[in-house]
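Peer 1: Dropping the structure in here first, questions after.
The values are calculated or read from the model by the stated rules, or taken from the named source; none is laboratory data. The structure presented is a predicted model; accordingly, all values stated were derived computationally and were not measured. Counting neighbours? That spans all protein chains shown, and the Cβs are built from the backbone with ideal geometry, glycine included. Each accessible area value is taken on the protein alone, full model and side chains, heavy atoms only, with ligands, DNA and RNA left out. Shrake-Rupley method; radii C 1.70, N 1.55, O 1.52, S 1.80 Å.
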Amino acid sequence: MPAYALQLLVALLLAGLTLAVSYPLALGGGRSVDALDAFLLVFALVNLRLAWTAANAVNGGRAPSWFVALGLLVAALITWAMIGALTPK
């Protein structure tokens with residue numbers, strides 16, 4: 001397994017971990033956001049960026065098509081989870 005595939009897997013696992021853990025942070029007025037999820041998703045986004053850079057570097061400036069497809073799906077999952085974590089409830 002190439003190193004960039006492992007980084008993509010770590011990003012996916014961090015994004016998936018947010019479904020199992022939470023740490024609500026009170027905003028006042030009975031509303032809260034999920035601070036732990038947002039923290040984990042930032043690390044997932046950093047891992048995705050590092051994986052994308054590594055995939056481009058290994059293949060002469062162009063990531064493999066399977067990586068691009070999975071990377072876009074992981075980015076969509078991170079975006080969806082981040083919106084959910086930072087939307088006051």
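Peer 1: If packing is taken as the mean number of other Cβ atoms within 10 Å per residue, what is the order of 59-70, 31-42, highest first?
Peer 2: Working: 59-70: 12.9, 31-42: 17.6.
Listed from highest to lowest mean packing, they are 31-42, 59-70.
Peer 1: Hey, what angle do you get for helix 65-86 against the long axis of the chain, alpha-carbon based, 0 to 90 degrees rounded to 10?
Peer 2: Approximately 10 degrees, to the nearest ten.
Peer 1: Probe radius 1.4 Å, ligands and nucleic acids left out: which of Val46, Val58 has the largest accessible area, and how do the rest follow?
Peer 2: Values: Val46 75, Val58 100 Å².
Putting Val46, Val58 in descending order of accessible area: Val58, Val46.
Peer 1: Enumerate the calculated ³J(HN,Hα) couplings along the stretch 43-60 in order (Karplus 6.51 cos²θ - 1.76 cosθ + 1.60, θ = phi - 60°), each rounded to whole Hz, writing x wherever the residue is Gly or Pro.
Peer 2: 5, 4, 5, 5, 4, 5, 5, 5, 5, 5, 5, 5, 5, 5, 5, 5, 9, x
Peer 1: Here is a further query. Counting only residues 5 or more places away or on other chains, whose amide H sits under 5 Å from the amide H of Leu25 once H atoms are built in the peptide plane?
Peer 2: Here Val33, Asp34, Ala35 satisfy the definition.
Peer 1: Treating only the Cα positions of the stretch 11-87 as identical point scatterers, give the base-10 log of I(q)/I(0) from the Debye formula at each q in 0.19, 0.22 Å⁻¹.
Peer 2: The Cα Debye sum returns log10 ratios of -0.75, -0.90.
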